[in-house]
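Peer 1: If you scroll down you'll find the structure; I have some questions about it.
The values are calculated or read from the model by the stated rules, or taken from the named source; none is laboratory data. None of these values were measured; they are calculated from a predicted model. Note: ideal-geometry Cβ built from the backbone for every residue, glycine included; neighbour counts use all protein chains shown. For the accessible areas, the whole protein counts, side chains as well, though only heavy atoms, and no ligand, DNA or RNA atoms are used. Shrake-Rupley method; radii C 1.70, N 1.55, O 1.52, S 1.80 Å.
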Amino acid sequence: MAASQAVEEMRSRVVLGEFGVRNVHTTDFPGNYSGYDDAWDQDRFEKNFRVDVVHMDENSLEFDMVGIDAAIANAFRRILLAEVPTMAVEKVLVYNNTSIVQDEILAHRLGLIPIHADPRLFEYRNQGDEEGTEIDTLQFRLQVRCTRNPHAAKDSSDPNELYVNHKVYTRHMTWIPLGNQADLFPEGTIRPVHDDILIAQLRPGQEIDLLMHCVKGIGKDHAKFSPVATASYRLLPDITLLEPVEGEAAEELSRCFSPGVIEVQEVQGKKVARVANPRLDTFSREIFRNEKLKKVVRLARVRDHYICKKDLPAAAAHTCNPSALGGQGEWITRSRERDHPG
């Protein structure tokens, strides 16, 4: 019986010890264990595999994939990063840019702005096509000029009060329909995902006037087309109490884990610890620093249960540092009031 339990643990759990991790390698292949038929079977895979959506909102998605190997989970992650198409700024035609932001850096920032548009409704632009059509291109205009506020207090030093349009946001981007796009897409459906992403800052007399072409692409071609900012997965934590933990030891055990993992209950006048939600644990291994309690807990992870989390790139665009990024958009200068080291 003990041998059977040990084999089952090796097959289904990755065990975290005080000085190492056991059972990290995949072992479910034919002939590895006597008496186990580990040959791949499609019917068995379809029966065991499932996807459970845990949380979903406009900015993030968390779901569980159960019944697969790490290679398959990683394939899903890489597909989300590199194979899912989105719309992003590809060409920036700069008519006038007298801000301190260089044309190419400005194009960097514009390329990072996530566009609210369904890529399934557009075709990929043909290579060498400079103009674009209504079936493969979205066009935005950005035209902002900073002026002094004539009603500002004379002793004010606040730029928000002294100047008008001194901050250029994505809300200043105006969608210019091409062809019959105005009939196909209701007003407000084609826009930046967020309207408060800061693009540049201006001072009186400075102006930005440009045209943007958004095209369909995938993250494998350029990171600006990636639909997610982060795509990660981790194994589901499995925490087992090997013996009852009561009294002050229960409180002490609770403090060794992330909040919500261990719950202390009152049972017949005694404080008793129980595992409430192992999903919340980050495996800090703080329990192994406690000589009294480290032998009453087994830390493990379920080998075929993956917690996947995907975040949209909008948050990254809010705080991006364009000088640290590669080219996010082609820049073309039509006219300018200052020399540019092009």
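Peer 1: Among the numbered criteria (1) modelled with pLDDT under 95; (2) closer than 21 Å to residue 195 by Cβ; (3) surrounded by 14 or more Cβ atoms within 10 Å (Cβ to Cβ); (4) not acidic (Asp, Glu), which single criterion is violated by residue 160?
Peer 2: The single condition residue 160 does not satisfy is (3).
Peer 1: Here are 275, 261, 267, 297: which of them is at pLDDT below 90 and among the β-branched types (Val, Ile, Thr)? Walk me through it before giving the result.
Peer 2: Details: 275 fails: at pLDDT below 90; 261 fails: at pLDDT below 90; 297 fails: at pLDDT below 90.
The conditions single out 267.
Peer 1: Restricting the stretch 31-67 to residues that are open to solvent by 80 Å² or more (accessible area, probe 1.4 Å) and touching a Gly at 6+ places or on another chain (Cβ under 8 Å), which is farthest from residue 307 (Cα to Cα)?
Peer 2: We begin by selecting, within the stretch 31-67, every residue open to solvent by 80 Å² or more (accessible area, probe 1.4 Å); these are 34-35, 37, 40, 42-44, 46-48, 50, 53, 55-56, 58.
With touching a Gly at 6+ places or on another chain (Cβ under 8 Å) added as a condition, the list becomes 48, 50.
Details: 48: 16, 50: 12 Å.
Among those that are open to solvent by 80 Å² or more (accessible area, probe 1.4 Å) and touching a Gly at 6+ places or on another chain (Cβ under 8 Å), it is 48.
Peer 1: Given the options 184, 138, 198, name the one that is touching a Cys at 6+ places or on another chain (Cβ under 9 Å), of a type in the set (A, V, I, L, M, F, W, C), at pLDDT 90 or above and more than 17 Å from residue 94 (Cβ to Cβ). Walk me through it before giving the result.
Peer 2: On the way: 184 fails: touching a Cys at 6+ places or on another chain (Cβ under 9 Å); 198 fails: touching a Cys at 6+ places or on another chain (Cβ under 9 Å).
Testing whether each residue is touching a Cys at 6+ places or on another chain (Cβ under 9 Å), of a type in the set (A, V, I, L, M, F, W, C), at pLDDT 90 or above and more than 17 Å from residue 94 (Cβ to Cβ) leaves just 138.
Peer 1: Which one is least open to solvent (accessible area, probe 1.4 Å), of the residues in the stretch 72-104 that are out of contact with any strand residue (DSSP E or B) (no Cβ under 7 Å at 6 or more places or on another chain) and within 23 Å of residue 167 (Cβ to Cβ)?
Peer 2: 102
Peer 1: All but one of (1) within 28 Å of the chain's Cα centre (by Cα); (2) surrounded by 14 or more Cβ atoms within 10 Å (Cβ to Cβ) hold for residue 23; state the number of the condition that does not hold.
Peer 2: So residue 23 meets the others, but not (1).
Peer 1: Next up: Checking residue 303 against (1) among the charged types (D, E, K, R); (2) surrounded by 14 or more Cβ atoms within 10 Å (Cβ to Cβ); (3) modelled with pLDDT under 90: exactly one of these is not met. Which one?
Peer 2: Going through (1) among the charged types (D, E, K, R); (2) surrounded by 14 or more Cβ atoms within 10 Å (Cβ to Cβ); (3) modelled with pLDDT under 90 one by one, residue 303 breaks only (3).
Peer 1: Next up: Filter the stretch 182-195 for residues that are touching a Ser or Thr at 6+ places or on another chain (Cβ under 9 Å) and either surrounded by 16 or more Cβ atoms within 10 Å (Cβ to Cβ) or not assigned by the TED database to the domain that holds residue 140 (or both) and give the result. Please lay out each step first, then the result.
Peer 2: Initial filter on the stretch 182-195 (touching a Ser or Thr at 6+ places or on another chain (Cβ under 9 Å)): 191-195.
191, 192, 193, 194, listed by residue number.
Peer 1: Can you report the number of residues in the stretch 105-134 which are farther than 26 Å from residue 312 by Cβ and either in contact with a helix residue (DSSP H, G or I) (Cβ under 9 Å, 6 or more places away or on another chain) or surrounded by 20 or more Cβ atoms within 10 Å (Cβ to Cβ) (or both)? Spell out the reasoning first.
Peer 2: In the first step, residues of the stretch 105-134 are kept if they are farther than 26 Å from residue 312 by Cβ; the result is 126-131, 133-134.
Narrowing further to those that are either in contact with a helix residue (DSSP H, G or I) (Cβ under 9 Å, 6 or more places away or on another chain) or surrounded by 20 or more Cβ atoms within 10 Å (Cβ to Cβ) (or both): 134.
Matching residues across the stretch 105-134 total 1.
Peer 1: Next up: When you look at residue 147, is it of a type in the set (Ser, Thr, Tyr), under 30 Å from residue 12 (Cβ atoms) and out of contact with any helix residue (DSSP H, G or I) (no Cβ under 7 Å at 6 or more places or on another chain), yes or no?
Peer 2: Details: of a type in the set (Ser, Thr, Tyr): yes; under 30 Å from residue 12 (Cβ atoms): no; out of contact with any helix residue (DSSP H, G or I) (no Cβ under 7 Å at 6 or more places or on another chain): yes.
No; evaluated as a whole, the condition is false for this residue.
Peer 1: Residue 179: open to solvent by less than 40 Å² (accessible area, probe 1.4 Å) and assigned to a loop (DSSP other than H, G, I, E, B), yes or no?
Peer 2: Values: open to solvent by less than 40 Å² (accessible area, probe 1.4 Å): no; assigned to a loop (DSSP other than H, G, I, E, B): yes.
Against the criterion (open to solvent by less than 40 Å² (accessible area, probe 1.4 Å) and assigned to a loop (DSSP other than H, G, I, E, B)), residue 179 does not qualify.
Peer 1: Have a look at 203, 171 and point out the one that is in the same structural domain as residue 133 (by the TED database), open to solvent by 40 Å² or more (accessible area, probe 1.4 Å), within 30 Å of residue 62 (Cα to Cα) and not hydrophobic (A, V, I, L, M, F, W, C). Before the answer, list the steps.
Peer 2: Working: 203 fails: within 30 Å of residue 62 (Cα to Cα).
Exactly one residue qualifies, and that residue is 171.
Yes or no, residue by residue, for (1) assigned to a helix (DSSP H, G or I); (2) at pLDDT below 85:
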position	(1), (2)
10	yes, yes
18	no, no
29	no, yes
43	yes, no
54	no, no
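Peer 1: Something else now. In the stretch 142-152, is there at least one residue being modelled with pLDDT under 90, more than 30 Å from residue 301 (Cα to Cα) and more than 26 Å from the chain's Cα centre (by Cα)?
Peer 2: Taking the stretch 142-152 as the starting set, the residues that turn out to be modelled with pLDDT under 90 are 151-152.
Within this subset, residues satisfying the condition of being more than 30 Å from residue 301 (Cα to Cα) are 151-152.
Remaining after also requiring more than 26 Å from the chain's Cα centre (by Cα): 151-152.
Yes, because at least one residue in the stretch 142-152 is modelled with pLDDT under 90, more than 30 Å from residue 301 (Cα to Cα) and more than 26 Å from the chain's Cα centre (by Cα).
Peer 1: Next question. What single numbered condition from (1) under 17 Å from residue 87 (Cα atoms); (2) under 27 Å from the mean Cα position of the chain (by Cα); (3) of a type in the set (A, V, I, L, M) fails to hold for residue 199?
Peer 2: (1)
Peer 1: Any chance you could count how many residues in the stretch 230-274 are open to solvent by 50 Å² or more (accessible area, probe 1.4 Å) and closer than 30 Å to residue 78 by Cα?
Peer 2: Qualifying residue count, the stretch 230-274: 4.
Peer 1: Continuing with the same structure: Can you name the residue in the stretch 97-119 that is touching a residue at least 12 places away in the same chain (Cβ under 8 Å) and charged (D, E, K, R) and is also nearest to residue 59 (Cα to Cα) among such residues?
Peer 2: 109
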